[in-house]
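Coordinate-derived values only; no laboratory data. Quantities reported herein were computed from a predicted structural model and do not represent experimental measurements. All Cβ positions, glycine included, derive from the backbone under ideal geometry; neighbour counts span all protein chains shown.
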Amino acid sequence: MTNTTLTTVPVVNRTMRTSGGLTGAMLIVSATALLLAGCKSAEIVPQVAGWSVADPSQRHPILVSQRPSNMSLRVARGSVGMSPHQKAQVIDFVTRFRAGDSGNSKLVISAPSGAPNEVAAMQAVAEIRHLMREGGFSDSSITVEAYHEDRDPQPPIRISYLRYVAEGPQCGRWTTNLADEQSNNERSNFGCANQRNLAAHISNPADLLGPRASTPAPGERRDVVFGKYIKGESTISQKQQDERVVVKGAN
């Protein structure tokens, strides 16, 4: 009986340990799998095309395109040149071109050809080119071309150039319910108003395409500064006495 008990107890214990070991191992494996699954579900997977992780400037882009800007001047047959009002219109038009409204294009002057007012129109074109030269425009930035118009007995002179136009995004999309957004992502309309206001207020839409070229420094001043730098001297400009700021102590 003693031997039987001694041999039976270890067998029972071994069976219980084996079952308990298998059960514990299975529990450990299951818990490990759950933890790994939980970690994987909580892992943030980067998305390139999804709006949920995109920058507002990418989600709501500003479209920059080139559109023609035109003005027309009617010159009657037999007239000599332009009127003072027409000259003022031309100056204002080319001033907007110079102010940065242009899309790096040329000023195009289209003159009627074969029309009854062709001679008067060509005299006006000569005045327009003279005004443009006085405004600092070179001949290479001005193009003169002819066009035919049969339906209009006195077709106008047309001046045009290409300008950059910024078009903002359409806002007001509230397609998602943040109460049901389990990923806690920002709403799709976030940042749209800022992009639309930027497109409406920007002075020169070409600045959205890239930085402007810097103005070259004058060669004389550059040589002076570089010469002082070589000698180890100070390169700052000397201020006059009236330009200095004097701070008096408090009484």
Item to complete: Please turn the phi angles of region 137-147 into ³J(HN,Hα) values with the Karplus equation 6.51 cos²θ - 1.76 cosθ + 1.60 (θ = phi - 60°), one per residue in order, whole Hz, x for glycine and proline.
Response: 8, 7, 5, 6, 8, 10, 10, 10, 9, 9, 9
Worksheet entry | Where the Cα pairs of region 85-221 fall when distances are cut into 5 Å bins, in % | 2, 8, 13, 13, 12, 11, 9, 8, 7, 6, 5, 3, 3, 1, 0
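Within 10 Å of each candidate Cβ there may be at most 12 other Cβ atoms; applying that plus a DSSP loop requirement, which trypsin sites (Lys or Arg not before Pro) in region 110-194 survive?
Listed in order of number, the matching sites are ARG151, ARG173.
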Discussion item. Report the gain in length on full extension from HIS85 to GLU134: 0.36 nm times residue separation, minus Cα-Cα distance, nm rounded to one decimal.
Written reply: 15.9 nm
Worksheet item: In debye to the nearest 20, how big a dipole does region 63-167 give about its Cα centre with +1 on each Lys and Arg Cβ and -1 on each Asp and Glu Cβ?
Response: 180
Response to the item:
If unit charges are put on Cβ atoms (+1 for Lys and Arg, -1 for Asp and Glu) and the dipole of region 63-167 is taken about its Cα centre, the option from SER105, THR95, ASN70 lying farthest towards the positive end turns out to be THR95
Discussion item. Can you tell me which lysines have their Cα less than 24 Å from the Cα of LYS106? Leave out same-chain residues fewer than eight positions away.
Written reply: LYS87
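Taking other Cβ within 10 Å of each residue's Cβ, how do MET122, MET132 sort, fewest first? Before the final figure, lay out the partial values.
On the way: MET122 16, MET132 22.
Ascending number of Cβ neighbours within 10 Å: MET122, MET132.
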